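The values are calculated or read from the model by the stated rules, or taken from the named source; none is laboratory data. This structure is a prediction, so every number in the text was calculated from the model and none was measured. Every residue, glycine as well, gets a Cβ built from its backbone with ideal geometry; the counts of neighbours run over all protein chains shown. What goes into the accessible areas is simple: the full protein's heavy atoms, side chains included, and nothing from ligands, DNA or RNA. Shrake-Rupley method; radii C 1.70, N 1.55, O 1.52, S 1.80 Å.
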Amino acid sequence: MIKLKTSIPGPRSARILEGLKRKNGGWGVPHPLVFSGKGRGAYCQDIDGNVFLDFASQITSNPLGYNHPEMLGVVKKYGKKFPVKYAGQDFSVKEHLEMIESLLDISPGKDFNAAFLVNSGAEAVENAIKICMRSRRKTKFGISMQGAFHGRTVGALSLHHSNPIHRKGYMLLPNFGLPFDDTAGEKLENIIKSKGVDKVGFVILECFQGEGGYNIASKKMVKDLRKITSKHEIPLICDEVQSGVGRTGKWWAFEYFDVKPEIFTSAKALQVGAVVSSKKMFPNEVGAISSTWGGGHVLDLALGMKTLEVIKKDKLLASNRKNGEYCLKSLQNIDGITSQRGLGLMLAFDLPSARVRDNVVIECAKNGLLVLSCGEKSIRVIPPYVIEKKEIDEGLEIIEKAVKVCAEKGFRHKGKVCDFMECA
Ligand SMILES: Cc1ncc(COP(=O)(O)O)c(C=O)c1O
């Protein structure tokens, strides 16, 4: 149960947040709490002793919730050995192979027979586009979708067509954007015809867009893109950094569309970054791609593998689908929400304006519920996979009240929270 002992943020959290506001070069208005490491399942505790319900799952990076006993078991096992941070591409540990094999095991089809481990989602995307460029030497540009988000490194950033602030002032790689709708195929054909097929390095797609607004692709769009890229032998990359590892109720969101890309990326819930493809897609020259900490810390690899094991053992794909359906239905009954959508436990709803949306995010936090915004005026509902029905109800009740309060004319937040988060 949510339990708030102080107003939000509590005094201890506020002190740390004030320091971060002054000293963190990438200050980005974090949620008004500082995590203590305590918590259980979908509940987490801050350093002021407040217990929050988490509908944000560390931006989908925390599928099993807080202090999952099996994850604690992994930490205990590895803690005893005090592992160093292995330079994984040059110095191997068995977990590198085990993680690659675990990933291939949940990748559909025999063509996915090799993976490359990295540290983050952006790095996974970066390497996915690099291997395409390497195999298509005449590449002049990449193709991505309107609303796309693929990470903050310059290559990945070049593929963005979502929030303009992400790209502003940066020197980028050449890229064309396709509409995220049923006209995408036709537009792709036009680009191929006018620019020449050899110049197209790849098409990259989130079948379920994340930061861009939790937009689910149409079947026609995905099938058209697959058909055209196959016809012209252009590699198709599916970015599964946010949607992958079971969140949607299938291991990978592209599986809902009955297509297979040549390459897909994973990170977040996997605890490490990964590019999955066929061995023949990867460059065969040694050193063409690499990374000091490929695969992150050995503990990250072990936690990632345990995550996959628990998802299988506890049948969490099926429970994500079931809980997702329940949550989607419940969202339909909340007044003030203008639309809702989702697959499994990857859900979002819209509010009448960005102003109301931003205020609802703050209002929820003040009442002990963590949610994240996305797109123009949407809020994500992405609880850990271990969430229970009554916990979904508890969170939705707070959302319902927050939507009502924030829709009132002239609504403004008050208190310490305003030192960190501005009323929209
Ligand atoms: C679809 C997608 N790709 C790539 C990234 C980048 O991942 P990271 O922040 O780990 O670099 C994100 C992050 O939100 C994402 O949602």
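Per residue, the chain exposes 45 Å² of accessible surface when a 1.4 Å probe is rolled over the protein heavy atoms with every protein chain present.
Hey, what angle do you get for helix 184-195 against the long axis of the chain, alpha-carbon based, 0 to 90 degrees rounded to 10? Here the helix axis deviates by roughly 40 degrees. Put simply, when 104-113, 386-395 are sorted by average Cβ atoms within 10 angstrom per residue, most first, you get 386-395, 104-113.
On the accessible surface of the stretch 75-313, probed at 1.4 Å, how many percent belong to carbon and sulfur atoms? Can you show the working numbers first?
Values: 5750 of 10550 Å².
Summing carbon and sulfur atoms, their accessible area is 54 percent of the total for the stretch 75-313.
Listed peptides 196-206, 223-233, 336-346 appear in the order 196-206, 336-346, 223-233 once ranked by packing, highest mean of other Cβ atoms within 10 Å at the front.
Of the residues Val245, Val75, Val276, the one that moves most in a GNM of the chain with alpha-carbon contacts below 10 Å is Val75. Given R₀ = 45 Å, what would the calculated FRET efficiency be for Leu20 paired with Asp90, taking r from the Cβ atoms and rounding to 0.05? Taking R0 as 45 Å, the efficiency between Leu20 and Asp90 is 0.85. Hydrodynamic analysis of the stretch 75-313 uses the Kirkwood radius over alpha carbon pairs. Inserted into Stokes-Einstein at 37 °C and 0.692 mPa s, it gives a translational diffusion coefficient of 181 µm²/s. Under conditions of 10 °C and 1.306 mPa s, the chain yields 71 µm² s⁻¹ as its translational diffusion coefficient, taking Rh as the Kirkwood radius over Cα pairs in the Stokes-Einstein equation.
Among 88-97, 266-275, 153-162, what's the highest-first ranking by average C-beta atoms within 10 angstrom per residue? Spell out each step's value before the answer.
Details: 88-97: 15.5, 266-275: 27.6, 153-162: 20.8.
Those peptides, ordered most packed to least, come out 266-275, 153-162, 88-97.
Using a cutoff of 8 angstrom between alpha carbon atoms and counting only pairs six or more residues apart, the relative contact order for the chain works out to 21 percent.
The helix-based estimate of mean residue ellipticity at 222 nm for the chain, built from -39,500 (n - 2.57) per DSSP H run of four or more residues and divided by its residue count, is -11000 deg cm²/dmol to the nearest 500.
Determine the gain in length on full extension of the stretch Ser7-Arg355; use 0.36 nm per residue of separation and subtract their C-alpha separation, reporting nm with one decimal.
Values: separation 348, 0.36 × 348 = 125.28 nm, distance 2.27 nm.
Gain in length upon complete extension: 123.0 nm.
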